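**Student:** Take a look at the following structure, please.
The values are calculated or read from the model by the stated rules, or taken from the named source; none is laboratory data. Worth saying up front: this structure is predicted, and the values here are computed from it rather than measured. Virtual Cβ from ideal backbone geometry, glycine too; neighbours counted across all protein chains shown.
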Amino acid sequence: MLPLGLSDTVCEALLAPLVDHHCDAVRRDDLSRAQYELLIGGGVPAPPGTTHFDTPVGVAVRRWCAPVLDLPPHAPPAVYLARRAELGAAEANGRLLRAAGVAAFLVDTGTEDDDLLPAAEMGRQGSAAAAEIVRVEQVEHDVAEMAGSSADYLEGLAEELAARAAGAVGLSTVAGHLHGLDFDAARPSRGSVIAAAGRRLADPKEPLADPVALRHLLWTAVDVARERGLPLQLHAGAGPDAGHAAPHRTDPALLTGFLRALQPAGVPVILLHCYPFHRQAAHLAAAYPHVHVDVGRALTRTGAGAWRVVDELLELAPFHKQLFGSGCSGVAETAHLGAVAFRRALGRALKERIDAGEWSAADAARVAYMIGSGNARRVYRL
(Lines give C-alpha, C1' and ligand atoms only; values in the text may rest on other atoms or scores of the structure.)
Protein backbone atom coordinates (compact mmCIF):
# COMPACT_ATOMS: atom_id res chain seq x y z
CA MET A 1 0.00 0.00 0.00
CA LEU A 2 2.85 2.41 0.83
CA PRO A 3 5.51 3.60 -1.64
CA LEU A 4 8.52 1.33 -1.93
CA GLY A 5 11.79 2.45 -0.41
CA LEU A 6 10.51 4.01 2.80
CA SER A 7 12.34 3.06 5.98
CA ASP A 8 10.70 0.88 8.60
CA THR A 9 10.50 3.91 10.90
CA VAL A 10 8.49 5.94 8.41
CA CYS A 11 6.28 3.00 7.42
CA GLU A 12 5.48 2.33 11.07
CA ALA A 13 4.45 5.96 11.54
CA LEU A 14 2.27 5.96 8.43
CA LEU A 15 0.53 2.73 9.42
CA ALA A 16 -0.04 3.77 13.04
CA PRO A 17 -3.66 4.12 14.19
CA LEU A 18 -5.25 7.37 13.02
CA VAL A 19 -7.61 9.82 14.66
CA ASP A 20 -10.33 10.48 12.10
CA HIS A 21 -11.24 13.95 13.34
CA HIS A 22 -14.05 14.52 10.86
CA CYS A 23 -16.39 11.88 9.52
CA ASP A 24 -20.12 11.58 9.04
CA ALA A 25 -22.13 8.56 10.10
CA VAL A 26 -22.62 5.60 7.77
CA ARG A 27 -25.80 3.76 6.83
CA ARG A 28 -26.70 0.68 8.86
CA ASP A 29 -29.17 -0.75 6.33
CA ASP A 30 -28.71 -2.81 3.18
CA LEU A 31 -28.53 -0.63 0.08
CA SER A 32 -29.74 -1.00 -3.48
CA ARG A 33 -27.30 -0.18 -6.26
CA ALA A 34 -29.06 3.15 -6.84
CA GLN A 35 -28.81 4.06 -3.16
CA TYR A 36 -25.17 3.01 -3.01
CA GLU A 37 -24.18 4.98 -6.10
CA LEU A 38 -25.95 8.06 -4.78
CA LEU A 39 -23.87 7.88 -1.61
CA ILE A 40 -20.50 7.39 -3.30
CA GLY A 41 -21.46 10.17 -5.70
CA GLY A 42 -21.89 12.73 -2.95
CA GLY A 43 -25.68 12.71 -3.15
CA VAL A 44 -25.77 13.62 -6.84
CA PRO A 45 -27.25 11.01 -9.22
CA ALA A 46 -25.10 9.88 -12.13
CA PRO A 47 -26.43 11.07 -15.51
CA PRO A 48 -28.60 8.52 -17.36
CA GLY A 49 -26.55 5.76 -18.91
CA THR A 50 -23.54 6.39 -16.63
CA THR A 51 -22.34 5.14 -13.25
CA HIS A 52 -20.49 6.58 -10.27
CA PHE A 53 -18.21 3.57 -10.45
CA ASP A 54 -16.58 5.46 -13.35
CA THR A 55 -15.12 8.04 -10.96
CA PRO A 56 -11.97 8.10 -8.81
CA VAL A 57 -14.11 7.02 -5.84
CA GLY A 58 -15.74 4.17 -7.76
CA VAL A 59 -12.40 2.87 -9.01
CA ALA A 60 -10.93 3.12 -5.51
CA VAL A 61 -13.83 1.13 -4.04
CA ARG A 62 -13.14 -1.70 -6.48
CA ARG A 63 -9.37 -1.53 -5.88
CA TRP A 64 -9.06 -1.06 -2.12
CA CYS A 65 -12.38 -2.15 -0.62
CA ALA A 66 -12.92 -5.32 -2.64
CA PRO A 67 -10.10 -7.24 -0.84
CA VAL A 68 -11.61 -6.29 2.53
CA LEU A 69 -14.76 -8.13 1.44
CA ASP A 70 -12.75 -11.17 0.22
CA LEU A 71 -12.82 -10.19 -3.46
CA PRO A 72 -9.89 -9.69 -5.82
CA PRO A 73 -8.83 -6.09 -6.50
CA HIS A 74 -10.77 -4.42 -9.32
CA ALA A 75 -13.79 -6.71 -8.96
CA PRO A 76 -16.62 -5.56 -11.27
CA PRO A 77 -19.22 -3.29 -9.65
CA ALA A 78 -21.99 -5.89 -9.84
CA VAL A 79 -19.79 -8.50 -8.19
CA TYR A 80 -18.71 -6.08 -5.49
CA LEU A 81 -22.26 -5.05 -4.65
CA ALA A 82 -23.48 -8.65 -4.67
CA ARG A 83 -20.77 -9.59 -2.18
CA ARG A 84 -21.60 -6.60 -0.01
CA ALA A 85 -25.26 -7.65 0.03
CA GLU A 86 -24.29 -11.26 0.80
CA LEU A 87 -22.29 -10.18 3.86
CA GLY A 88 -24.98 -7.76 5.02
CA ALA A 89 -24.54 -4.15 6.06
CA ALA A 90 -23.35 -4.84 9.61
CA GLU A 91 -20.57 -7.24 8.54
CA ALA A 92 -19.47 -5.07 5.60
CA ASN A 93 -19.46 -1.93 7.74
CA GLY A 94 -17.47 -3.59 10.49
CA ARG A 95 -14.85 -4.96 8.12
CA LEU A 96 -14.38 -1.66 6.30
CA LEU A 97 -14.30 0.52 9.41
CA ARG A 98 -11.77 -1.78 11.09
CA ALA A 99 -9.65 -1.90 7.94
CA ALA A 100 -9.25 1.89 8.13
CA GLY A 101 -6.93 1.46 11.10
CA VAL A 102 -8.54 4.24 13.13
CA ALA A 103 -8.11 4.64 16.88
CA ALA A 104 -10.92 7.20 17.27
CA PHE A 105 -13.78 8.43 15.08
CA LEU A 106 -15.03 11.97 15.74
CA VAL A 107 -18.47 11.79 14.17
CA ASP A 108 -20.41 14.81 12.90
CA THR A 109 -24.03 14.31 13.91
CA GLY A 110 -25.38 16.69 11.29
CA THR A 111 -28.20 14.44 10.09
CA GLU A 112 -30.88 12.87 12.25
CA ASP A 113 -31.70 9.58 10.55
CA ASP A 114 -32.48 6.24 12.19
CA ASP A 115 -30.70 4.50 9.30
CA LEU A 116 -27.37 6.08 10.31
CA LEU A 117 -25.07 4.58 12.90
CA PRO A 118 -24.76 6.74 16.04
CA ALA A 119 -21.22 7.70 17.01
CA ALA A 120 -20.89 5.05 19.71
CA GLU A 121 -21.99 2.23 17.41
CA MET A 122 -19.72 3.44 14.64
CA GLY A 123 -16.85 3.24 17.07
CA ARG A 124 -17.89 -0.21 18.26
CA GLN A 125 -18.12 -1.59 14.74
CA GLY A 126 -14.75 -0.05 13.91
CA SER A 127 -13.11 -1.35 17.13
CA ALA A 128 -12.27 2.25 17.99
CA ALA A 129 -13.15 5.01 20.39
CA ALA A 130 -15.78 7.47 19.21
CA ALA A 131 -16.96 10.95 20.13
CA GLU A 132 -19.46 13.47 18.79
CA ILE A 133 -19.01 16.64 16.79
CA VAL A 134 -22.22 18.69 17.08
CA ARG A 135 -23.53 20.22 13.84
CA VAL A 136 -24.86 23.61 14.94
CA GLU A 137 -27.36 23.88 12.09
CA GLN A 138 -29.07 20.70 13.25
CA VAL A 139 -29.41 22.15 16.75
CA GLU A 140 -30.82 25.37 15.30
CA HIS A 141 -33.37 23.45 13.25
CA ASP A 142 -34.58 21.57 16.30
CA VAL A 143 -34.90 24.79 18.32
CA ALA A 144 -36.70 26.65 15.53
CA GLU A 145 -39.34 23.93 15.26
CA MET A 146 -40.06 24.12 19.01
CA ALA A 147 -39.84 27.87 19.68
CA GLY A 148 -43.05 29.81 20.12
CA SER A 149 -41.54 33.30 19.89
CA SER A 150 -38.36 35.13 18.91
CA ALA A 151 -37.36 35.33 22.58
CA ASP A 152 -37.89 31.59 23.03
CA TYR A 153 -35.84 30.94 19.88
CA LEU A 154 -32.87 33.07 20.94
CA GLU A 155 -32.82 31.79 24.51
CA GLY A 156 -33.38 28.19 23.44
CA LEU A 157 -30.62 28.31 20.84
CA ALA A 158 -27.95 29.32 23.34
CA GLU A 159 -29.17 26.82 25.94
CA GLU A 160 -29.51 23.89 23.55
CA LEU A 161 -26.13 24.47 21.95
CA ALA A 162 -24.50 24.55 25.37
CA ALA A 163 -26.33 21.41 26.48
CA ARG A 164 -25.36 19.37 23.44
CA ALA A 165 -21.79 20.68 23.48
CA ALA A 166 -21.40 19.33 27.01
CA GLY A 167 -21.06 15.80 25.67
CA ALA A 168 -19.11 16.62 22.51
CA VAL A 169 -15.48 17.22 21.55
CA GLY A 170 -16.21 19.91 18.95
CA LEU A 171 -18.75 21.90 16.97
CA SER A 172 -19.18 22.12 13.20
CA THR A 173 -20.99 24.44 10.82
CA VAL A 174 -21.98 24.32 7.16
CA ALA A 175 -22.86 28.02 7.07
CA GLY A 176 -20.54 28.44 4.12
CA HIS A 177 -22.42 25.92 2.04
CA LEU A 178 -25.80 27.29 3.06
CA HIS A 179 -24.98 30.91 2.44
CA GLY A 180 -21.33 31.30 1.37
CA LEU A 181 -18.20 32.20 3.28
CA ASP A 182 -18.39 35.83 2.21
CA PHE A 183 -20.63 36.74 5.14
CA ASP A 184 -20.22 39.86 7.26
CA ALA A 185 -17.69 38.94 9.94
CA ALA A 186 -19.15 41.19 12.66
CA ARG A 187 -21.46 39.91 15.36
CA PRO A 188 -24.99 41.04 14.36
CA SER A 189 -26.81 43.61 16.48
CA ARG A 190 -29.51 42.56 18.93
CA GLY A 191 -32.21 44.30 16.93
CA SER A 192 -31.24 42.66 13.64
CA VAL A 193 -31.12 39.28 15.33
CA ILE A 194 -34.63 39.66 16.78
CA ALA A 195 -35.94 40.59 13.34
CA ALA A 196 -34.13 37.62 11.79
CA ALA A 197 -35.58 35.30 14.43
CA GLY A 198 -39.05 36.42 13.48
CA ARG A 199 -38.37 35.69 9.83
CA ARG A 200 -36.92 32.31 10.76
CA LEU A 201 -39.95 31.24 12.79
CA ALA A 202 -42.25 32.05 9.89
CA ASP A 203 -40.95 28.90 8.17
CA PRO A 204 -38.93 26.83 10.67
CA LYS A 205 -38.99 23.57 8.74
CA GLU A 206 -36.84 24.94 5.92
CA PRO A 207 -33.02 24.91 6.15
CA LEU A 208 -31.61 28.05 7.71
CA ALA A 209 -30.81 30.55 4.96
CA ASP A 210 -31.23 34.02 6.49
CA PRO A 211 -27.73 35.58 6.57
CA VAL A 212 -28.32 37.44 9.85
CA ALA A 213 -29.70 34.34 11.58
CA LEU A 214 -26.74 32.33 10.27
CA ARG A 215 -24.27 34.87 11.63
CA HIS A 216 -26.03 34.85 14.99
CA LEU A 217 -25.88 31.06 15.07
CA LEU A 218 -22.20 31.13 14.21
CA TRP A 219 -21.32 33.64 16.91
CA THR A 220 -23.46 31.77 19.45
CA ALA A 221 -21.47 28.65 18.56
CA VAL A 222 -18.25 30.61 19.06
CA ASP A 223 -19.41 31.65 22.54
CA VAL A 224 -20.21 28.05 23.46
CA ALA A 225 -16.94 26.78 22.00
CA ARG A 226 -14.97 29.35 24.00
CA GLU A 227 -16.78 28.50 27.24
CA ARG A 228 -16.35 24.76 26.73
CA GLY A 229 -12.83 24.85 25.31
CA LEU A 230 -13.96 23.23 22.05
CA PRO A 231 -12.74 23.69 18.47
CA LEU A 232 -15.04 24.84 15.68
CA GLN A 233 -15.04 23.06 12.32
CA LEU A 234 -15.91 25.17 9.26
CA HIS A 235 -16.82 23.40 6.02
CA ALA A 236 -15.27 24.96 2.94
CA GLY A 237 -14.64 24.07 -0.69
CA ALA A 238 -16.50 21.54 -2.78
CA GLY A 239 -18.28 18.58 -1.23
CA PRO A 240 -21.57 16.75 -0.79
CA ASP A 241 -22.57 19.31 1.84
CA ALA A 242 -22.66 21.98 -0.88
CA GLY A 243 -26.17 23.34 -1.01
CA HIS A 244 -27.16 26.83 -1.98
CA ALA A 245 -23.85 28.70 -2.24
CA ALA A 246 -22.06 28.95 -5.57
CA PRO A 247 -18.71 27.11 -5.54
CA HIS A 248 -16.59 30.28 -5.64
CA ARG A 249 -18.29 31.45 -2.44
CA THR A 250 -16.92 28.46 -0.51
CA ASP A 251 -13.30 29.65 -0.87
CA PRO A 252 -11.89 29.75 2.70
CA ALA A 253 -9.94 32.92 1.87
CA LEU A 254 -13.29 34.69 2.20
CA LEU A 255 -13.18 33.88 5.92
CA THR A 256 -10.19 36.13 6.58
CA GLY A 257 -12.22 38.84 8.31
CA PHE A 258 -14.08 36.34 10.47
CA LEU A 259 -10.88 34.55 11.44
CA ARG A 260 -9.32 37.85 12.49
CA ALA A 261 -12.41 38.73 14.53
CA LEU A 262 -12.35 35.30 16.17
CA GLN A 263 -8.65 35.22 17.09
CA PRO A 264 -9.02 37.00 20.48
CA ALA A 265 -11.54 34.37 21.58
CA GLY A 266 -8.87 31.68 21.36
CA VAL A 267 -11.22 29.16 19.73
CA PRO A 268 -9.36 26.70 17.47
CA VAL A 269 -10.81 26.67 13.95
CA ILE A 270 -10.41 23.73 11.57
CA LEU A 271 -11.05 24.41 7.90
CA LEU A 272 -12.55 21.21 6.50
CA HIS A 273 -12.17 19.72 3.00
CA CYS A 274 -11.27 23.03 1.30
CA TYR A 275 -10.44 21.48 -2.08
CA PRO A 276 -9.94 22.98 -4.66
CA PHE A 277 -9.07 25.93 -2.41
CA HIS A 278 -6.67 23.97 -0.21
CA ARG A 279 -3.75 26.31 -0.93
CA GLN A 280 -5.75 29.26 0.42
CA ALA A 281 -6.68 27.22 3.48
CA ALA A 282 -3.06 26.24 4.04
CA HIS A 283 -2.05 29.91 3.86
CA LEU A 284 -4.65 30.81 6.49
CA ALA A 285 -3.34 28.03 8.74
CA ALA A 286 0.15 29.49 8.40
CA ALA A 287 -1.02 33.06 9.00
CA TYR A 288 -3.27 32.61 12.05
CA PRO A 289 -2.29 30.73 15.22
CA HIS A 290 -5.80 29.40 15.89
CA VAL A 291 -6.45 28.04 12.35
CA HIS A 292 -5.89 24.43 11.24
CA VAL A 293 -6.55 22.65 7.96
CA ASP A 294 -7.81 19.30 6.72
CA VAL A 295 -8.50 18.26 3.13
CA GLY A 296 -10.78 15.38 4.11
CA ARG A 297 -12.72 13.75 1.33
CA ALA A 298 -10.61 15.52 -1.32
CA LEU A 299 -8.04 12.74 -0.95
CA THR A 300 -10.59 10.08 -1.82
CA ARG A 301 -12.08 12.10 -4.64
CA THR A 302 -8.74 12.89 -6.30
CA GLY A 303 -7.69 9.24 -6.39
CA ALA A 304 -4.11 8.59 -7.45
CA GLY A 305 -3.51 12.35 -7.59
CA ALA A 306 -4.14 12.80 -3.86
CA TRP A 307 -0.43 13.08 -3.14
CA ARG A 308 -0.35 16.42 -4.98
CA VAL A 309 -2.87 17.85 -2.54
CA VAL A 310 -0.90 16.59 0.47
CA ASP A 311 2.34 17.80 -1.10
CA GLU A 312 0.96 21.33 -1.41
CA LEU A 313 -0.20 21.32 2.21
CA LEU A 314 3.29 20.32 3.32
CA GLU A 315 4.67 23.23 1.29
CA LEU A 316 2.39 25.86 2.81
CA ALA A 317 0.94 24.89 6.20
CA PRO A 318 2.83 24.24 9.44
CA PHE A 319 2.93 20.52 10.14
CA HIS A 320 1.34 21.04 13.56
CA LYS A 321 -1.68 22.68 11.85
CA GLN A 322 -2.63 19.72 9.61
CA LEU A 323 -5.12 17.01 10.61
CA PHE A 324 -6.40 13.79 9.12
CA GLY A 325 -10.11 13.42 8.44
CA SER A 326 -11.52 10.79 6.11
CA GLY A 327 -14.59 12.84 5.21
CA CYS A 328 -16.44 9.53 5.51
CA SER A 329 -20.08 9.89 4.57
CA GLY A 330 -22.90 7.44 3.98
CA VAL A 331 -20.98 4.23 3.36
CA ALA A 332 -18.14 2.70 5.37
CA GLU A 333 -16.05 2.40 2.22
CA THR A 334 -15.35 6.12 2.43
CA ALA A 335 -13.77 5.73 5.89
CA HIS A 336 -11.45 3.02 4.61
CA LEU A 337 -10.65 4.87 1.39
CA GLY A 338 -9.93 8.09 3.26
CA ALA A 339 -7.36 6.30 5.40
CA VAL A 340 -5.80 4.48 2.42
CA ALA A 341 -5.58 7.68 0.36
CA PHE A 342 -4.08 9.62 3.26
CA ARG A 343 -1.39 7.05 4.02
CA ARG A 344 -0.43 6.58 0.38
CA ALA A 345 -0.44 10.30 -0.41
CA LEU A 346 1.53 11.32 2.66
CA GLY A 347 3.95 8.43 2.11
CA ARG A 348 4.73 9.58 -1.41
CA ALA A 349 5.12 13.23 -0.38
CA LEU A 350 7.45 12.27 2.47
CA LYS A 351 9.50 9.95 0.27
CA GLU A 352 10.20 12.74 -2.21
CA ARG A 353 11.55 14.90 0.60
CA ILE A 354 13.65 12.12 2.04
CA ASP A 355 15.05 11.15 -1.38
CA ALA A 356 15.93 14.80 -2.06
CA GLY A 357 17.90 14.91 1.18
CA GLU A 358 15.65 17.62 2.59
CA TRP A 359 14.20 15.54 5.42
CA SER A 360 15.54 12.77 7.60
CA ALA A 361 13.54 9.60 8.12
CA ALA A 362 13.10 10.62 11.77
CA ASP A 363 11.59 13.97 10.75
CA ALA A 364 9.25 12.28 8.27
CA ALA A 365 8.07 9.79 10.89
CA ARG A 366 7.46 12.55 13.43
CA VAL A 367 5.37 14.56 10.95
CA ALA A 368 3.37 11.46 9.98
CA TYR A 369 2.48 10.83 13.62
CA MET A 370 1.56 14.49 14.12
CA ILE A 371 -0.80 14.72 11.15
CA GLY A 372 -2.21 11.21 11.56
CA SER A 373 -3.20 11.50 15.20
CA GLY A 374 -1.10 13.76 17.40
CA ASN A 375 -2.47 17.10 16.24
CA ALA A 376 -6.07 15.94 16.61
CA ARG A 377 -5.43 14.63 20.11
CA ARG A 378 -4.06 18.03 21.08
CA VAL A 379 -6.68 20.22 19.37
CA TYR A 380 -9.66 18.15 20.57
CA ARG A 381 -8.10 17.40 23.96
CA LEU A 382 -8.56 13.65 23.53
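**Student:** Please determine, by comparing only the residues of region 73-127 that are of a type in the set (S, T, N, Q) and in contact with a helix residue (DSSP H, G or I) (Cβ under 6 Å, 6 or more places away or on another chain), which one is nearest to GLN35 (Cα to Cα).
**Tutor:** Looking at the filtered set, the residue picked out is ASN93.
**Student:** Among HIS320, HIS292, which is the only one that is in a helix (DSSP H, G or I) and of a type outside the set (A, V, I, L, M, F, W, C)?
**Tutor:** Result: HIS320 is the single residue among HIS320, HIS292 that is in a helix (DSSP H, G or I) and of a type outside the set (A, V, I, L, M, F, W, C).
**Student:** What do you reckon, is LEU39 within 23 Å of the chain's Cα centre (by Cα) and in contact (Cβ under 8 Å) with a residue 60 or more places away in the chain?
**Tutor:** yes
**Student:** So ALA246 ticks every box in (1) out of contact with any Phe, Trp or Tyr (no Cβ under 8 Å at 6 or more places or on another chain); (2) at pLDDT below 95; (3) within 25 Å of VAL169 (Cβ to Cβ) but one. Which box is left unticked?
**Tutor:** (3)
**Student:** Still on this structure: Quick one: which residue in GLY148, GLY110, GLY126 is in contact with a Ser or Thr (Cβ under 8 Å, 6 or more places away or on another chain) and assigned by TED's automatic domain parsing to the domain that holds LEU201?
**Tutor:** Details: GLY148 fails: in contact with a Ser or Thr (Cβ under 8 Å, 6 or more places away or on another chain); GLY126 fails: in contact with a Ser or Thr (Cβ under 8 Å, 6 or more places away or on another chain).
Criteria check complete, one pass: GLY110.
**Student:** Determine, yes or no, whether ALA287 is without any contact (Cβ under 8 Å) to a residue 12 or more places away in the chain, of a type outside the set (Phe, Trp, Tyr) and out of contact with any strand residue (DSSP E or B) (no Cβ under 9 Å at 6 or more places or on another chain).
**Tutor:** yes
**Student:** A further question follows. Hey, among the residues in region 171-201 that are touching a Phe, Trp or Tyr at 6+ places or on another chain (Cβ under 6 Å) and either closer than 27 Å to HIS22 by Cβ or in contact (Cβ under 8 Å) with a residue 60 or more places away in the chain (or both), which one's surrounded by the most Cβ atoms within 10 Å (Cβ to Cβ)?
**Tutor:** ALA185
**Student:** Moving to a separate point now. Would you mind telling me which numbered condition in (1) within 25 Å of ALA144 (Cβ to Cβ); (2) modelled with pLDDT under 95 ARG228 fails?
**Tutor:** (2)
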